[in-house]
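Asker: Handing you a structure now.
The values are calculated or read from the model by the stated rules, or taken from the named source; none is laboratory data. All values derive from a computational prediction rather than experimental measurement. In this analysis, Cβ positions are derived from the backbone assuming ideal geometry, glycine residues included, and neighbour counts consider all displayed protein chains. In case anyone asks, the SASA skips ligands and DNA or RNA and just uses the protein heavy atoms, side chains included. Shrake-Rupley method; radii C 1.70, N 1.55, O 1.52, S 1.80 Å.
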Amino acid sequence: MYPSSFDLTVARSVAEATAALSEGGEDARILAGGQSLIPMMKLRFAFPSLLVDINEIAELASLERQNGELRVGATVRHADVAASDLAFGAVAAAAPWVADPLVRNRGTLVGSVAHCDPEGDWNSVLLATGATVQIAGADGSERSIPITELIVGPFTNSLGEGEMLTAVHVPVPSGASGGAYLKLERKVGDYATVGVATHLELDEDGRISSAGIALTSVAPSNLKATEAESVLIGESPSGELFAEAASLTADAAEPRSDIRGTAEWKRNVVRVYTRRGLEQALSQARSS
Amino acid sequence: MTAAQTLSTPPEIGGIGHSVPRQEDARLIEGQGNFLDDISLPGMLHMAIHRSPVAHARIRGVNTEAAAAVPGVVAVVTGELMAQHNLAWMPTLSGDTQAVLATDKVRYQGQEVACVIASDPYTAADAAALVEVDYDVLDPVTSPQQSLADGAPLIRDEKEGQTDNLVYTWESGDSDATDAAFDSAARVVSLETHYPRSHPAPLETCGIVADINSVTGQATLYMTSQAPHAHRTLFALVAGLPEQNIRIISPDIGGGFGNKVPIYPGYVVATAASLLLGTPVKWIESRTDNLISTGFGRDYHMRGELALSEDGRILALRADVLSDQGAFYSDAQPSKLRAGLFHVVTGSYDFPSAHVTCRGAFTNKAPGGVAYRCSFRITEASYLIERLVQNAAYEIGEDPADFRLRNFIKPEQFPYTTPTGFVYDSGDYHTAMRKAMDEVDYTALRAEQAEARAEGRLIGIGVAHFTEAVGAGPSRTFDIAGLKMFDSAELRVHPTGKAILKLGVKTQGQGHETTFAQIVANELGIPVTDIKVVHGDTDHTPYGLGTYGSRSTPTGGAATAMVSRKLADKSRKIAAHLLEAAEADLDFSAGVFSVRGTPDRSVTIQDVAFAAYTNMPEGVEHGLEGSYYYDPPNLTFPYGSYIVVVEVDAETGVWKVDRMVALDDCGVRINPMIVEGQIQGGLTEGFAKSSMQWITFDEDGNCIGSNFMDYLVPTAWETPRFELLETCVPSPHHPIGAKGVGESATVGSPAAFVNAVIDALAHLGVRNIDMPVLPDRVWAALQSAGGGVG
Ligand SMILES: Cc1cc2nc3c(=O)[nH]c(=O)nc-3n(C[C@H](O)[C@H](O)[C@H](O)COP(=O)(O)OP(=O)(O)OC[C@H]3O[C@@H](n4cnc5c(N)ncnc54)[C@H](O)[C@@H]3O)c2cc1C
């Protein structure tokens, strides 16, 4: 499989990268891990005229905790997240489920976020944990927006021309918290048939103070189950409560029948996995 | 070494029964293999194929201008150009014709329409994308049922006399006797199931480097071929090239599994292009090319029925098949057997009558019907009978293992003639199955299952006992495109006692370079490491039909043993001369001839070899070499007992294998390690097909399964651990008692996995879930049986 021809620029700084991007115009693309972009080029689904390689930009490589947030730089690999003690809750749970070991060694969390593939795992985790993304513009500007504002639709983000993501920030809960990522896949390296990210924070009385639920592969974009989240908040966890939240989540999903299974069954899996995910998040929170 | 086998050579010689490390591995592991895409010749051009995006359409026109204008493009080949050379169509292996490049219509998505020859593969791919084809899209036929229904679009309108989409009808067995048995039956069980279309998906895709010398006419074709000699003859017959000028070299092959038996359009166009351009032309398929256009396996819609007596004996079997053949009928199958060996469908059971009918239907799908790691449709047969037998046991409320043990062919009945005319060579099914049952502690397992059910957990125990039929010939029954199936070996022992063995069969990873050397080592006592095995080059090997259908050991292995014995006979003469003894007074063991009674008077096979060139007895021809063409008297019939334990998640339908015990009896094992490797691989493929792997099509005829994200090949991660067992009942007619084994596990295991899932749900009345047994299908079955949770 041979891609059509393209130019390649290796950027040494964020400024260089954004400049190259804006010069390259609409057909210029960032090259991060290349694990989504290169296959698309080889299948001739994507024909970028210019690739801006950001892998040499040192400042993008850091994975750290600062100001109560987990900061994941734009060239941090899935494997780095999987191996890190800094990751927690749903982030730590999801990392080993992304793709396969080879892809995890190259692919980046931020690249996955930018790619906005509704079958990508990370955006569900970020929706459930309330993450924000850091954006750099060609004029040297920097801004930060919630993940909800980045995801526009399938394979579409809200970045403007000449803009790139530099990092993702995930808030680190201060109190008792837990999270899970349950993924039904057909084999290792498969995209999710159904993926469910859950996140719970408990107050001192053991009530749910914050809740996040988001879904992979069962809607045109990763889907935040806001209604289900809101029935959880302020309540004491119980089997019934989780069952209700799970039902609401299943109702919110928009699965489609395909080679992986029927829509009806997928909706059922969403329900089952949401309940199980909440149970796991709760037991993690209670032991944290 | 197996319990039943004794070693006749020490490890230094490494004859039969030794797990000799594979001689070919060092080269392959250290990157010193030579695969097709490693071959690069001076001036070589590259070919890319433009394929149809639609499943069924009339071609109004092909515009190659833009493609031809790309710098670096040397030629654009269309069907029209091929037609000028009478090569727009070619024969298939089953007597049909297949378009090389489409001229009138395209008949499946991915069909070859035009080829671009260019300076490099990137340019060729760029230009191939620029070929413009004007299609008048027609209604596609996407199932064999639709194909044979009234008013279906006629797919093969170019075929004279073809007025519908029926490819063939075929039957076997005795319909009257079978009807009578069904009339008198106490009970009848039936099963309708689809064995889905699958693809051999060798990791190395197909390819060719065609190099035709414009002066000498010598055609050297480097091809990914499982059957180089047969391909040479077919090239000679089809393209009219003189056969002595055709040399097919099949280099290291990265898996074949039946996919590299047919001749594909790409081979033909690349060869024609090399002839016309006078330069070597290389064509290597992409993964998608391979999956959407080359030989698929299976795709049988089957209905089976068993007639049962009051006391739980099988009286008769009926089977009816509707085969989805795709757009061209190109099964890689003996010409007398339209449904291959499907009529081995009576399996491991003793009953008097059976009747099998089969219809083939054209559809707008890729052609194929290759024996994907199986002996000509026997996989479908084995699957059907093993699923049916399981259901029969449920029907009469008996344990499926007990039901089998009662109905098995008994050891004393071998050789056993089946109702469809096969003569099984040897076996002891009862011992095999009991050994597998003991290994899993079957009785305890059933108790565990009952306890789990009481707690609402779904555990299933699946049993399958397959009998395979492998090793074609005999040549009186078996042929490929008219070429009779036997095989050959040529053995030459050099003066220093080192040997070179040349084979008509061709490895694709099975380990021939080791196994076949071990046969020689066993017969002559020459160490394995002193024997070079040559195969795959038609200029340098004797004629043979190639490797597929588990036939290498039954045919080529037998030929190797026989030629070795020929040389042993001659060696005995030479040894007698050297020892000044009578031939009859010599013992021969592990490469040493000694005079009976005075063992210190001896010579080695190496001494004999040297003498063959330096010190021959009067009147004996010099040299120590020979050849043997072996036509087997019968197939060999390996078998096995497989038991799978699964647990099903009642909430989601997801199932997991807890245990898999596989007992195989393939007669004498030449290299136990290699045999186990074959079984492990076959079990993995069986697991894949039962759980995740299929090629399907949407209503427009678009192929779903065109890459490895959609067509799933399991990795070590999800593949269960397999526990292997064995028994050894040698084949009575094979020179070393061996039976083929390369495909047993692919054939036998799918039914075991599926039966296990069905068994978990059987108490709810579930009797069938089609493969692949995807979790949504399991969940749906649970829902309709009322056994789902939530
Ligand atoms: C076999 C295989 C299996 C996979 N399975 C899964 C899976 O199970 N789950 C899953 O979530 N993913 C899966 N993936 C995708 C993988 O996670 C990718 O790594 C990820 O989607 C993209 O990250 P990347 O760094 O490789 O991005 P690239 O491929 O380099 O880029 C992807 C897109 O994002 C853009 N981009 C990248 N970085 C930035 C940035 N900093 N700013 C703006 N735009 C940017 C690029 O321009 C491009 O359009 C799989 C991939 C493969 C090949």
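Asker: If I ask for residues that are without any contact (Cβ under 8 Å) to a residue 60 or more places away in the chain, more than 7 Å from chain B (Cβ to nearest Cβ) and under 13 Å from residue A:183 (Cα atoms), which ones from segment A:263-272 would you list?
Answerer: Across segment A:263-272, the qualifying residue is only A:271.
Asker: Restricting segment A:59-87 to residues that are open to solvent by 30 Å² or more (accessible area, probe 1.4 Å) and assigned to a loop (DSSP other than H, G, I, E, B), which is nearest to the ligand (Cβ to nearest atom)?
Answerer: That would be A:62.
Asker: Another question, then. Name the pairs: first residue in segment A:235-262 and within 30 Å of residue B:706 (Cβ to Cβ) and more than 13 Å from every other protein chain (Cβ to nearest Cβ), second residue assigned to a loop (DSSP other than H, G, I, E, B) and not hydrophobic (A, V, I, L, M, F, W, C), Cβ to Cβ under 9 Å, at least 6 apart or on different chains?
Answerer: A:254/A:220
Asker: Residue by residue through segment B:280-328, note down the ones that are within 14 Å of another protein chain (Cβ to nearest Cβ) and part of a loop (DSSP other than H, G, I, E, B).
Answerer: B:285, B:286
Asker: Go through segment A:95-115 and report how many residues are open to solvent by 30 Å² or more (accessible area, probe 1.4 Å) and either of a type in the set (S, T, N, Q) or farther than 15 Å from residue A:168 by Cα (or both).
Answerer: Number of matching residues: 9.
Residues are listed down the side, and each one gets a yes or a no for (1) more than 28 Å from the chain's Cα centre (by Cα); (2) more than 21 Å from residue B:538 (Cα to Cα); (3) not assigned by TED's automatic domain parsing to the domain that holds residue B:538:
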| site | (1), (2), (3) |
| --- | --- |
| B:175 | yes, yes, yes |
| B:184 | yes, yes, yes |
| B:212 | yes, no, yes |
| B:222 | no, no, yes |
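Asker: Could you grab me the full set of residues in segment A:182-193 that are in contact with a Phe, Trp or Tyr (Cβ under 6 Å, 6 or more places away or on another chain) and open to solvent by less than 20 Å² (accessible area, probe 1.4 Å)?
Answerer: In the first step, residues of segment A:182-193 are kept if they are in contact with a Phe, Trp or Tyr (Cβ under 6 Å, 6 or more places away or on another chain); the result is A:182-183, A:188.
Across segment A:182-193, the qualifying residue is only A:183.
Asker: Let me ask something additional. Quick check, is residue B:87 out of contact with any Leu (no Cβ under 7 Å at 6 or more places or on another chain), assigned to a helix (DSSP H, G or I) and open to solvent by less than 60 Å² (accessible area, probe 1.4 Å)? Show your work before the answer.
Answerer: Details: out of contact with any Leu (no Cβ under 7 Å at 6 or more places or on another chain): yes; assigned to a helix (DSSP H, G or I): no; open to solvent by less than 60 Å² (accessible area, probe 1.4 Å): yes.
Criteria not met by residue B:87.
Asker: Still on this structure, please answer the following. Need a quick list: strands (runs of 3 or more DSSP E) entirely within segment B:186-244 having at least 1 residues that are touching a Ser or Thr at 6+ places or on another chain (Cβ under 8 Å) and under 30 Å from residue B:385 (Cα atoms).
Answerer: Working: elements: B:187-198, B:207-212, B:219-223.
Result: B:187-198.
Asker: Separate question: Considering only segment B:667-683, I want to know if a residue exists there that is farther than 29 Å from residue B:733 by Cβ and within 20 Å of the chain's Cα centre (by Cα).
Answerer: Quick first cut of segment B:667-683, residues farther than 29 Å from residue B:733 by Cβ only: none.
No, the conditions are met nowhere in segment B:667-683.
Asker: Give the residue, chosen from B:278, B:297, that is surrounded by fewer than 24 Cβ atoms within 10 Å (Cβ to Cβ) and either farther than 14 Å from residue B:121 by Cβ or in contact with a helix residue (DSSP H, G or I) (Cβ under 8 Å, 6 or more places away or on another chain) (or both).
Answerer: Sole residue among the options that is surrounded by fewer than 24 Cβ atoms within 10 Å (Cβ to Cβ) and either farther than 14 Å from residue B:121 by Cβ or in contact with a helix residue (DSSP H, G or I) (Cβ under 8 Å, 6 or more places away or on another chain) (or both): B:278.
Asker: Okay, moving on. So, in segment A:153-181, of the ones that are hydroxyl-bearing (Ser, Thr, Tyr), within 16 Å of the ligand (Cβ to nearest atom) and open to solvent by less than 40 Å² (accessible area, probe 1.4 Å), which residue ends up nearest to the other protein chains (Cβ to nearest Cβ)? Steps first, please.
Answerer: Going residue by residue through segment A:153-181, those that are hydroxyl-bearing (Ser, Thr, Tyr) are A:156, A:158, A:166, A:174, A:177, A:181.
In the following step, the residues that additionally are within 16 Å of the ligand (Cβ to nearest atom) were identified as A:156, A:158, A:166, A:181.
Imposing the further condition that a residue be open to solvent by less than 40 Å² (accessible area, probe 1.4 Å) reduces the set to A:166, A:181.
Working: A:166: 30, A:181: 16 Å.
Among residues in segment A:153-181 that are hydroxyl-bearing (Ser, Thr, Tyr), within 16 Å of the ligand (Cβ to nearest atom) and open to solvent by less than 40 Å² (accessible area, probe 1.4 Å), the one nearest to the other protein chains (Cβ to nearest Cβ) is A:181.
Asker: If a residue has to be at the interface with chain A (Cβ under 10 Å from one of its Cβ atoms), surrounded by fewer than 20 Cβ atoms within 10 Å (Cβ to Cβ) and in contact (Cβ under 8 Å) with a residue 60 or more places away in the chain to count, how many in segment B:706-722 make the cut?
Answerer: Number of matching residues: 3.
Asker: Of the residues A:221, A:236, only one is in a loop (DSSP other than H, G, I, E, B), open to solvent by 50 Å² or more (accessible area, probe 1.4 Å) and of a type in the set (S, T, N, Q); which? Show your work before the answer.
Answerer: Details: A:221 fails: open to solvent by 50 Å² or more (accessible area, probe 1.4 Å).
Just one listed residue meets the conditions, A:236.
Asker: For segment A:88-114, what are the residues that are near the ligand (Cβ under 8 Å from one of its atoms), free of Cβ contacts under 8 Å to residues at least 40 places away in the same chain and not hydrophobic (A, V, I, L, M, F, W, C)?
Answerer: Scanning segment A:88-114 gives a single hit, A:104.
Asker: Determine if segment B:723-734 includes at least one residue that is of a type in the set (Gly, Ala, Ser), crowded, with 22+ Cβ neighbours inside 10 Å and touching a residue at least 40 places away in the same chain (Cβ under 8 Å).
Answerer: Step one: of segment B:723-734, the residues of a type in the set (Gly, Ala, Ser) are B:731.
Checking the rest, the ones that are also crowded, with 22+ Cβ neighbours inside 10 Å come to B:731.
Now narrow it down to the ones that are touching a residue at least 40 places away in the same chain (Cβ under 8 Å): B:731.
Looking through segment B:723-734, at least one residue is of a type in the set (Gly, Ala, Ser), crowded, with 22+ Cβ neighbours inside 10 Å and touching a residue at least 40 places away in the same chain (Cβ under 8 Å).
Asker: Which of the strands (runs of 3 or more DSSP E) contained wholly in segment A:6-58 include at least 2 residues that are buried (at least 16 other Cβ atoms within 10 Å of the Cβ)? Spell out the reasoning first.
Answerer: Numbers: elements: A:7-10, A:28-31, A:50-53.
Of the strands (runs of 3 or more DSSP E) lying wholly inside segment A:6-58, those with at least 2 residues that are buried (at least 16 other Cβ atoms within 10 Å of the Cβ) span A:28-31, A:50-53.
Asker: Moving on to the next point. Here are B:741, B:766, B:778: which of them is more than 14 Å from chain A (Cβ to nearest Cβ), on the phi < 0 side of the Ramachandran plot and either touching a Cys at 6+ places or on another chain (Cβ under 8 Å) or not in a loop (DSSP other than H, G, I, E, B) (or both)?
Answerer: On the way: B:766 fails: either touching a Cys at 6+ places or on another chain (Cβ under 8 Å) or not in a loop (DSSP other than H, G, I, E, B) (or both); B:778 fails: more than 14 Å from chain A (Cβ to nearest Cβ).
The conditions single out B:741.
Asker: Sticking with this structure for a sec: Test residue B:690 against the stated conditions and say whether it is small (Gly, Ala, Ser) and under 30 Å from residue B:473 (Cβ atoms).
Answerer: Numbers: small (Gly, Ala, Ser): yes; under 30 Å from residue B:473 (Cβ atoms): no.
The answer is no for residue B:690.
Asker: Step by step: first the residues of segment A:12-31, then only those that are of a type in the set (A, V, I, L, M) and away from the ligand (no atom under 11 Å from the Cβ), then the one that is nearest to the other protein chains (Cβ to nearest Cβ). Which residue is that?
Answerer: In the first step, residues of segment A:12-31 are kept if they are of a type in the set (A, V, I, L, M); the result is A:14-15, A:17, A:19-21, A:28, A:30-31.
Next, only the ones that are away from the ligand (no atom under 11 Å from the Cβ) stay: A:15, A:19-20.
Working: A:15: 33, A:19: 29, A:20: 24 Å.
Selected residue: A:20.
Asker: Still on this model: For segment A:116-136, indicate whether the set of residues that are open to solvent by 30 Å² or more (accessible area, probe 1.4 Å), hydrophobic (A, V, I, L, M, F, W, C), within 13 Å of the ligand (Cβ to nearest atom) and farther than 21 Å from residue A:276 by Cβ is non-empty.
Answerer: Step one: filter segment A:116-136 for residues open to solvent by 30 Å² or more (accessible area, probe 1.4 Å), giving A:119, A:130, A:132, A:134.
Right, trim to hydrophobic (A, V, I, L, M, F, W, C) and you get none.
No, segment A:116-136 contains no residue that is open to solvent by 30 Å² or more (accessible area, probe 1.4 Å), hydrophobic (A, V, I, L, M, F, W, C), within 13 Å of the ligand (Cβ to nearest atom) and farther than 21 Å from residue A:276 by Cβ.
Asker: Same structure, new question: So which pairs qualify, if the first residue must be in segment A:165-183 and in contact (Cβ under 8 Å) with a residue 40 or more places away in the chain and within 22 Å of residue A:66 (Cβ to Cβ), the second must be within 16 Å of the ligand (Cβ to nearest atom) and of a type in the set (Asp, Glu), the Cβ gap must be under 9 Å, and the two must be at least 6 apart or on different chains?
Answerer: A:166/A:59; A:166/A:142
Asker: Take the residues of segment B:122-145 that are surrounded by fewer than 17 Cβ atoms within 10 Å (Cβ to Cβ) and assigned to a helix (DSSP H, G or I): which is nearest to the other protein chains (Cβ to nearest Cβ)?
Answerer: Of everything passing the filter in segment B:122-145, B:122 is nearest to the other protein chains (Cβ to nearest Cβ).
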